[in-house]
Structures are given as C-alpha cells and as structure tokens.
Amino acid sequence: MERKTKFIFVSGGVVSSLGKGLAAASLGALLQARGLKVTLLKMDPYINVDPGTMSPLQHGEVFVTDDGAETDLDLGHYERFVQTTMGRRNNCTTGQIYDTVIQKERRGDYLGATVQVIPHITDEIKRRILEASDGTDLIIVEVGGTVGDIESLPFLEAIREFRWDCGRENVLYLHLTLVPYIPTAGELKTKPTQHSVKELTGLGIQPDILLCRCDRPLEKKARAKIAHFCNVEENCVIAAPDVETIYEVPLRFSDEELDQRVCEKLNIWTGAPNLAKWRRIARIAQNPKVTVNIAVVGKYVNVVDSYKSLHEAIAHGAIANEAKVKIDYVDSEALEKGGVEEKLGPAHAIIIPGGFGDRGIEGKIRAIRYARENHVPILGICLGLQLMVVECARSLLGLRSANSREFAADTPDPVIDIMEDQKGVQRKGGTMRLGAYPCAIKPGSLAHELYRRTRIQERHRHRYEVNNAYRVALEKAGLRATGTSPDDRLVEMMELAGHPWFLGCQFHPELKSRPLDPHPLFRGLVRAAVERRAGEKPARPKVHALRPRS
C-alpha cells in the first residue's frame, strides 16, 4: 500500500529571526535519520519574484540551486541539514504566485470568473506545495514572516485549508515562538507565546506543537502554563534553547523528543534515528584541537547573513580539520583608507567573497596584494577570482589601468569582461549565468589535489568572466587557469605558481558545502591556515607542475 505524503507547516510568531528555517531543517534532519524521504519548501510573502535583485544588506545572501534558481537563504539550511538537493520548486514567493495567477487570467483560464485571493491565490499556493511534495514521504513547509503580518495571510489561509483537503492525520502545524527572560522579574515570560498562538488560532489554525525559543532551560512550570493557555499537550511544548553551534540543534530537538511527537501525531512508523554523525560533528565543534583566524574581506560585513553559506562552509572546513576558526569580517571600504597589515596581519588565511558594484573594490585588491606578497593562503570566490586577476595584471604584468568592465567600462585593459551571452541583456532578474556548470580540472594543480577529480560541477552566479585575450600573458606571469569549462572557453579556477595557497574560483563553492561533507576548497583552506599557524608552509609538491619550465 502506497504511503500518503505527510505535511508539516512551520509558522513563526512574536518576532522575526527566531530561526524557523533552522528549526525546519533540523526537524528534517531528524526525520531523515529515521529513514524517511524528506524535502522542504520555503514560502516567502514578499512581492519580489525572487531575491535575486534584493540587496544582501536587506535580505541576506541569495542561495543558488543546481537548476539556477535564486532563492532564500533558508534553502541553504535545508541542504546543509537534509541530504536532499533543493531546486526551483522548493521556494515560492507572493510575486511568483500572483504572476502565475495573472498569466492564467490573461490566457482565459478563469474565463467568466472573478479572480480573487480565495480561491485562486490560495489554490495556486496549494498547487505549489503539492508539486514540491511529489515523490517524498514528508514535506516541511516554512511560512515566511511572522503571524500577524498582512503579507502572509494568503499563505496561512492556504495551509489552514490543507488539513481539510488532505486529512487531519496527514497534516501537522508547528509554531515557533519566543519565551523571553525578563531580568527585572527574574523569570521566563509566556505571555508573548500565548498572544502569538491566539493570533494564529484566530486565523483558524490550532498548532499541534510549539517550539519555544529561549536563552535558558524551559522549566516544567512554564511548559505547563503554555500548554494550558495555548491548548497544546504539555509534551508538545518543546524547548529550543540557544546552542554553541547550530549543528547541535537536531540533537537538542532529539533530546526533547520532537521527532517522536511528530511521528506519533502523523501516525508514522519508523525506527529510531541514527544521529551518530551529528554527535560526532557537535563533539568536534565543541572540542577543537587548534584555533586559527580567517579574514573575510567583503562589502556586506555589517550583515553577517549576507555571507551565511560562506560562514557555514568555513565551519565545515574547521570540523574537517578538527579546528576552530575565528572569522574576522573586514570591511573592504575601510582597507581603501589604509591599515591593511594591521587588519589582516593576524589572519592565517584570507577569503575574498563575491559581490556586485564598485564599492570597496580597491580595498579587496589591496587585501589580495597583501596575501600574494606575504604568502598568506587566500581563496577568491566569483568576484574574488576576478579581482585576483586584476591585481596580478597590475602588479605582475605592469598593466596599471587593468580593471573589470563592470567597474570601468573604458579601461584600456579589460582583463575581466562581460560574457558574450550577457551583452545586450536588459532585464536584471534571473538573467545571470546561474546554476550548476561543469568544470575540467588540470592534473597536477592544487585544485586537482583538493578535489581528487578532473571533472566537477559547481554553482555559478555572475555576468563577467576572465578575458581570454590576457590568459597567455597571465600564465607566463604565473597565474594559471587550472580549471576551465570543458570547451576551454571560460576560466573557472586560477592559481598562482610559487605561492603556497593562492586559488580563485568563478563559482560559489560555499553553496555545496555540508557539515557531513565539507567542500574540498574550504577543507583545504582551513588546513593551510592550520599549517601557517604552526609555522609551516603548506606542503604541496604538486604545485611545482604549475611553474614555468625553463
């Protein structure tokens, strides 16, 4: 007998940024550890079609999937915790929903009907949920925003209807809320949770399980009070306390028997979860053997979520090396004013992440020059690779005006130029080179040593590329293209001969790093940082193959 798909809907109350995405991903990890086939869906209430044109300072990073979708950063949490590759169907927005409905109306699909929020918008939302759940045992659907926001009302109405459409035994409502500690009262306060649940029940949704965010243990008295006033069983009031590392969250939820409560309410029969790998990760993160400093020189450092996947990928590299990494986010604009050695001197490795626009560019170039001249391990990502090329062209080739056409359209030496298929593109949204593309790696390179393969697939998000007209000159100067598209037209990776660890990549490796499977580039960079801290040059005999032969 075919098993019916189960649906778990996660909403949030009181305030934003409580961690719905992390909670949903952690629950997904627990259920997957029980042998279930799990996927997730993020429903964002903003009117943008996707976050691709939104500022990282407002929305955080854009997470790109293999199929080229520009999505919410929560999909990064989903992929890091659940061994399921996300795609375009795992994220939807109000903009997408309304765009689809309006197109149907223009085609005449609703001919004769007055198109309304209910049922037409809510039906499209439900259609997308069903589409995302296809082929799975269970789907966890996160509703963005906070209960009470006007933007999320159609989504909440759609998930309310789901219980009647699919049966009570197949639908579960989980509500994440805040139980704050008030120092003057000396206790946790449950009233915000009570009001949040009241708001949700006023929309016709009675939560089955409450996740209570708190900064200290949730005592039995407080649980009983929440259960009584929120009409929830006491064993379904689950504490979600602060933890040292986010990879402890599945373990804390398991201790609270969250997955057991979910399985009971959805009538799911499974074995006990196998959490050995998660326990190992938590143990290593809590007991590192060495600590290193890595500087991230970026433009959006005031909002750490702008580099969320990068932050986690560094943590994965640290776990792989049984190390702790202290990340110093350095504002590239500040480096333009000086103090490069002072700000980067403590770093055992440097990362130049991606970005758009000319703000802070010269500061990043100064950081690259510092790393090159002082033999500091450095990884350049997307724009980071491009600026490595600019710096080497200026310093090693003597092309003082070398630049990218993105920042200087009239530069006499455009070592970075717009891609051919991007010329003439007018629309900004969804038109970059997006998604997974193949890369051929040259044997004998650092990249080959790290990946241990000659063919890889990585995710991209860019319009500009290394100008092939300068490749020969750059290679003679020691900056070699060690990874290219299979037809050798596009540069994907470059390395500097004679430097212990100088690597740039046009793609975004952080998007494919997982705690259970750290990305090779971050594993290697942290290892190089550890070796530099120990006063050793990273041992790489294969790098000699990159040096020009006499």
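For the reader, a short list of remarks on this structure follows.
Quick grid of which residues meet (1) among the hydrophobic types (A, V, I, L, M, F, W, C); (2) outside any helix (DSSP H, G or I); (3) touching a strand residue (DSSP E or B) at 6+ places or on another chain (Cβ under 8 Å); (4) at pLDDT below 95:
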{"site": "7", "(1), (2), (3), (4)": "yes, yes, yes, no"}
{"site": "22", "(1), (2), (3), (4)": "yes, no, no, no"}
{"site": "25", "(1), (2), (3), (4)": "yes, no, yes, no"}
{"site": "43", "(1), (2), (3), (4)": "yes, yes, yes, no"}
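- Checked against (1) polar (S, T, N, Q); (2) under 30 Å from residue 275 (Cβ atoms); (3) surrounded by fewer than 19 Cβ atoms within 10 Å (Cβ to Cβ), residue 90 passes all but condition (3).
- Hits in the range 410-438 - residues which are assigned to a loop (DSSP other than H, G, I, E, B) and at pLDDT 90 or above: 410, 411, 412, 413
- Here residue 378 clears all of (1) over 28 Å from residue 303 (Cβ atoms); (2) under 28 Å from the mean Cα position of the chain (by Cα) except the condition numbered (1).
- For the range 45-61, filtered to residues that are touching a strand residue (DSSP E or B) at 6+ places or on another chain (Cβ under 9 Å) and polar (S, T, N, Q), the residue that is surrounded by the most Cβ atoms within 10 Å (Cβ to Cβ) is 48.
- Scanning the range 385-406 for residues that are in a loop (DSSP other than H, G, I, E, B) and in contact with a strand residue (DSSP E or B) (Cβ under 9 Å, 6 or more places away or on another chain) yields 397, 399, 402, 405, 406.
- Of the criteria (1) of a type in the set (D, E, K, R); (2) more than 33 Å from the chain's Cα centre (by Cα); (3) surrounded by 20 or more Cβ atoms within 10 Å (Cβ to Cβ), which one residue 233 fails: (3)
- Residue satisfying all of: in the range 60-112; aliphatic (A, V, I, L, M) and assigned to a helix (DSSP H, G or I); farthest from the chain's Cα centre (by Cα) among these: 102
- Residue match in the range 184-202 (condition: within 17 Å of residue 129 (Cβ to Cβ) and surrounded by 15 or more Cβ atoms within 10 Å (Cβ to Cβ)): no
- Put simply, of 312, 336 the only residue that is acidic (Asp, Glu), surrounded by 15 or more Cβ atoms within 10 Å (Cβ to Cβ) and modelled with pLDDT of 95 or more is 312.
- Of all residues in the range 439-465, those that are of a type in the set (A, V, I, L, M) and at pLDDT below 95 total 0.
- First in the range 129-149 and hydroxyl-bearing (Ser, Thr, Tyr), second anywhere and in a strand (DSSP E or B), Cβ under 8 Å, 6 or more apart: 133/7; 133/39; 133/41; 133/139; 136/38; 136/39; 146/12
- Qualifying residue in the range 361-372 (condition: crowded, with 17+ Cβ neighbours inside 10 Å, small (Gly, Ala, Ser), over 16 Å from residue 503 (Cα atoms) and without any contact (Cβ under 8 Å) to a residue 60 or more places away in the chain): no
- Among the residues of the range 215-226, those that are buried (at least 17 other Cβ atoms within 10 Å of the Cβ) and not in a loop (DSSP other than H, G, I, E, B) comprise 222, 223, 225, 226.
- The number of residues in the range 273-292 being buried (at least 18 other Cβ atoms within 10 Å of the Cβ) and either assigned to a strand (DSSP E or B) or on the phi > 0 side of the Ramachandran plot (or both) comes to 1.
- The lone exception for residue 326 - which of (1) over 23 Å from residue 460 (Cα atoms); (2) assigned to a strand (DSSP E or B); (3) in contact with a Lys or Arg (Cβ under 8 Å, 6 or more places away or on another chain) it fails: (3)
- For the range 239-272, taking the residues that are of a type in the set (Asp, Glu) and assigned to a helix (DSSP H, G or I), the one that is nearest to the chain's Cα centre (by Cα) is identified as 248.
- Of all residues in the range 233-252, none that is under 9 Å from residue 26 (Cβ atoms) has its Cβ atom under 6 Å from the Cβ atom of a residue that is of a type in the set (D, E, K, R) and in a helix (DSSP H, G or I), 6 or more apart or on another chain.
- Check on residue 364, out of contact with any Phe, Trp or Tyr (no Cβ under 9 Å at 6 or more places or on another chain), within 30 Å of residue 286 (Cα to Cα) and of a type in the set (Lys, Arg): no
- Pairs are defined by a Cβ separation below 6 Å, a sequence spacing of at least 6 or placement on different chains, a first member in the range 332-348 that is within 16 Å of residue 373 (Cα to Cα), and a second member that is aromatic (Phe, Trp, Tyr) and assigned to a helix (DSSP H, G or I); the pairs so defined are 340/370; 344/370.
- For the range 340-384, a residue qualifies if it is in a helix (DSSP H, G or I) and of a type in the set (Gly, Ala, Ser), and the qualifying residues are 363, 367, 371, 384.
- If you filter the range 437-475 down to residues that are over 19 Å from residue 353 (Cβ atoms) and small (Gly, Ala, Ser), you find that the one that is surrounded by the most Cβ atoms within 10 Å (Cβ to Cβ) is 445.
- Only residues that are assigned to a helix (DSSP H, G or I) and within 29 Å of residue 517 (Cα to Cα) were counted in the range 442-491, giving 6.
The values are calculated or read from the model by the stated rules, or taken from the named source; none is laboratory data. Keep in mind that what you see is a predicted model, and the values were worked out from it rather than measured. Because the Cβ atoms are built from the backbone with ideal geometry, glycine has one as well, and the counts that use them run over all protein chains shown.
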